[in-house]
Structures are given as structure tokens and as C-alpha cells.
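Let me begin by presenting the structure, written as C-alpha cells, before commenting on it.
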Amino acid sequence: MFWDETHETLPRPDLERLQLQRLQETVRRVFARVPFYQRKFNDLGLTPEAIRSLADLRRLPFTTNADLRANYPAGLLAVPYDQTLRLHTSSGTTGKPKALFFSRQDVNNAAELCARAFIATGVRAGDVFQNMMTYGMFTGALVTHYGAEKVGCLVIPAGPGNSERQVMLMRDFGSTVIHLTPSYALYLATFLEKHGVEPRRDLQLRKAFVGAEPYTEETRRKIEEGLGLDVYNSYGLSEMNGPGVAFECEQKQGMHLWEDHFLVEILDPETDEPVPEGQSGELVLTTLCREAMPLLRYRTRDVTALITAPCACGRTHRRLHRITGRADDMLILRGVNIYPQQIERVLMAQPGIGRNYLIELTGLDEMTVKVELAEAGFGGQVEQLIALQKKLAEKLRAEILCKPTVQLVPPGDLPVSEGKAKRVVDRRQL
Ligand code: AMP
Ligand code: ZN
């Protein structure tokens, strides 16, 4: 079943024709209305007429995180201020956030794309959708909220945290679908276990949309086991509407990126050249339908690869591999590049290990990986614990090429995150 069958299954040539038409329209709009882009076009000696094919995309200027901050609050608006309908900000680091404006059409499109995604995962009208993302300035909760309402779900705007209340809501209202971050999902699994809630017996959960931060296939499996449901990877970013940009279908083999709304490039971050088909690089996205704040070639800093093979579900939009990391998350330890996901993959695949971990960088260039033991594993013999610690250190060395100190800690010892987790604490004196 599809939400918007015509668009979701457009034959590639038709899809590309539509993309070109929308790209040209977007370019004309930003050139006419956004001084930032006018300047960039002038610097490049470009006019909108130069964009004659999709290949000409590469002639367009990039837009970066820094550009968004420099144009805060409303410098990138392509509609009059009084035609904006909603303001979101990007979850951010420090200082001023990135401001993202939506017009009426943008609000509607964002919900449409979520509705497509939800139907693709098998969600239907009548499902009970408990939304555990943070409500507020972030796109995560609100955008999916309206998407689920479009589909005809009963939406419970629970927000994150207070697990006791979450479980009460699940029981009392028969929640079938939940939406949350991977770190909170892992915590919730531990919470259920501790409180003797057997999800398959006591709850009606069927599906979880898990996203907002990178996680591994091993973590997906842990969440699926712990919560007794199917996990679908959900990718989005506020600059491109928020959630619903790319979403797994029931095949769970990569996330369909809605190519009638976004043009995708995967570039080598060093050379800015496209990587060979199927290889990893930085995801760069151009909006095709955004009215209030179109963005050309936005550098997401997210690392992924494109899956071009057709999908058994019949959707013709290409898929993204699981995001393997953010360029900004990369750690350099003694000259070696490491992504936290590499560590997570090893930890989550190890029997006896629980669901929470923390990477600490200290001293000159030392790494300690603190990881909770599984509830069942705790209380083991000291020798067993030492052996486990050793084994993990070895496996980590094979993965990241340097050997961290591994510290096994009791279940529940590490800080819990309800939103995006902070997995790395860097206290190095370099
Ligand atoms: P925000 O704009 O605050 O919603 O944050 C968007 C960022 O969250 C993206 O650029 C990614 O770095 C990250 N993100 C969102 N969804 C996923 C996902 N499914 N897997 C990995 N990272 C994700
Ligand atoms: Zn599919």
C-alpha cells in the first residue's frame, strides 16, 4: 500500500523530468528573492538559465551550516515574513540555533512525506502513535505528529522521558507505534525488563520509528528484542523539513529518500567530487519543493552511501544506507580516525553487555570505553568479568586500530539520555 502511489512509484525518467522542473523553479526563486544566493550566483557568474539539466546541479553553490548561522534569523527567507507559518530550530550545539521557516505549503509537504513514510512501514489508520520525541522548537515531534494525524492514527504527544508514564500510556491506550531516539529506546528496554513488563505479552507495540541520531544495525537488533517490535530507521534534518526525508520501508534495507522533494548527492568531503556509485561520502541535499526557505546543495555533514538497486516494495526513489556517522562526530585518537558507531557496533554485538555506554577521552590521548553490563550478566565471577573486559578490548582494537581501556559498570550506572545522547566526553589536554 502507498500513501501517494503516483509520486512514490514514478518511473525514473518521469521522476527526473519532475526534478529538473522543480530545480529550475527553485533556482529562479532563490535568485529572485534571496540576496545570499544572488551574491553567490553573481560570484560564480551564474544565472538561473544556466541550469538546463540535472547535471548542472553541480554548477550551483553549496550552502553550509555556517551560512545558515550567518543568515540568522531570517536572511534566507524566500517568502515575505508574513507568509511564514511555523518556525523550527535545529538541535544544536552552542550559541544561536539555526532558524528554519515553513510556509503553509511546507508544513503540509512535511506531513505528506511523513505520511508516505509511515504507510511504507505498514502503519495504518487506526494505529496508536505514541510520539516520544521532544515537542518544542525541534522538528522531530511536531512534523511526525501531523504526518501521523494525516494517516489517521490516534496520536499521543507524550514527549520523551518519564518511562513509568510512557508505559502507563502504552497500556491504557494500546499504543502500537512509537517514535523515539535509539538511546532512549535502549533505556526503555532496560526499564521494561527491570519492571517485569514483557512487551510482547503486556503491550501492543508493533513498530518503532527510530532516528535523530546515528545507531548501528546491532543496536537496532537490541531494541527490537528489548521492546518486542520492528524498528524502522528514520532520517531527517531540520534544514530539509525534519523527519520524513528518508525512511525505511517494510523491507528494512535502507531508507527511501523522497527524490521528488530532494536532490541527493554523495560527495567526497575532501574533493567535493561525487563518489563512485555505492560508495560512502557526505550527503548533500537540495530542496525541490520548499517554499519559505529553499536550500541549494546543503552540506549535511552526514556520512552515508546511496543504494541504487530497485526495492522490492515498488518505490522508485533510491535509498540511503544507514548513516555511519557525522563528519563532526569523527574522533581522532593518536592520528587514527574513529567514529563512535564503530565502537557501538562492537559493544552491542557482545553477549553479556547491556544497553548503555560512554566514550571518555582523557589525558594526552587516552580512550576509556565505559559500558554497562546486562542485568543478567551482572553478579558473574570476577574472572569472567576480567575475561569479558579483555575480549572487548581486543575486539575494539580490531575495529578501531587502537586499544582503549574498557570499564564494565553495573546496569544503570551511566547517564541516561531521553533525546540525542552524548556518547563522547572529550577531556583531553592536547
Ligand atoms: P536536527 O536538524 O536537529 O533534526 O538534526 C538532524 C541530524 O540528526 C542529521 O543531520 C543527522 O546527523 C542526525 N540524524 C537524524 N536522523 C538520523 C538517523 N536515522 N541516523 C543517523 N543520524 C540521524
Ligand atoms: Zn522499499
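The values are calculated or read from the model by the stated rules, or taken from the named source; none is laboratory data. Remember, predicted model here, so these are calculated numbers, not experimental data. Side chains are part of the model used for accessible areas, which takes the heavy atoms of the whole protein and leaves out ligands, DNA and RNA. Shrake-Rupley method; radii C 1.70, N 1.55, O 1.52, S 1.80 Å.
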**Prompt:** Accessible surface of His7 in the full protein assembly, 1.4 angstrom probe, to the nearest 10 Å²?
**Reply:** 60 Å²
**Prompt:** Hey, what do the phi angles of region 332-347 turn into as Karplus ³J(HN,Hα) couplings, whole Hz, using 6.51/-1.76/1.60 and θ = phi - 60°, x for Gly and Pro?
**Reply:** 10, 10, 6, x, 9, 7, 9, 9, x, 5, 5, 5, 4, 4, 5, 5
**Message:** Given a 1.4 angstrom probe, what's the average accessible area per residue across the chain, in square angstrom?
**Reply:** 43 Å²
**Message:** Cut-off under 23 Å on the C-alpha distance; same-chain residues fewer than 8 positions from Lys96 excluded. Which lysines are left, in chain and number order?
**Reply:** Lys420, Lys422
**Request:** Return the lysines within reach of Lys194: Cα separation strictly under 16 angstrom, same-chain partners fewer than 8 residues apart disregarded; answer none if there are no such residues.
**Result:** Lys222
**Complete:** Amide H contacts under 5 Å for Leu237, restricted to residues at least 5 apart in sequence or on another chain and with H modeled in the peptide plane, are Gly242, Val245
**Request:** Report in % the part of the accessible area of region 1-329 that belongs to carbon and sulfur, leaving out ligands and nucleic acids; probe 1.4 Å.
**Result:** 49 percent
**Request:** In whole Hz, with x marking every Gly and Pro, tabulate ³J(HN,Hα) for region 396-413 from phi via Karplus 6.51 cos²θ - 1.76 cosθ + 1.60, θ = phi - 60°.
**Result:** 5, 4, 5, 7, 10, 6, 9, 9, x, 7, 9, 10, 8, 10, x, x, x, 7
**Prompt:** Measuring from centroid to centroid over Cα atoms, what is the spacing of region 1-43 and region 57-112 in Å?
**Reply:** 16 Å
**Distant-in-sequence amide H partners of Val409 (H built 1.01 Å from N, under 5 Å)** = Val371, Glu372, Leu373
**Complete:** So, relative contact order of the chain in percent, Cα under 8 Å, 6 or more apart, is 14 percent
**Item:** Long-range amide H partners of Val79 with built H, under 5 Å
**Value:** none
**Fill in**
Carbon plus sulfur, as percent of the 1.4 Å-probe accessible area of region 331-426, comes to 53 percent
**Item:** Residue-averaged [θ]222 nm for the chain, counting only DSSP H segments that reach four residues, each worth -39500 (n - 2.57)
**Value:** -10000 deg cm²/dmol
**Message:** Taking the alpha-carbon distance from Lys40 and a cut-off under 23 Å, which lysines remain once sequence neighbours fewer than 8 residues away in the same chain are dropped?
**Reply:** Lys98
**Fill in**
Karplus-derived 3J(HN,Hα) from phi for region 40-46 (6.51 cos²θ - 1.76 cosθ + 1.60, θ = phi - 60°), whole Hz, x at Gly and Pro, runs 4, 4, 4, 4, 8, x, 9
**Request:** Please tell me which of these pairs span more than 26 angstrom C-alpha to C-alpha: Lys252/Lys370; Lys252/Lys403; Lys370/Lys391?
**Result:** Lys252/Lys370; Lys252/Lys403
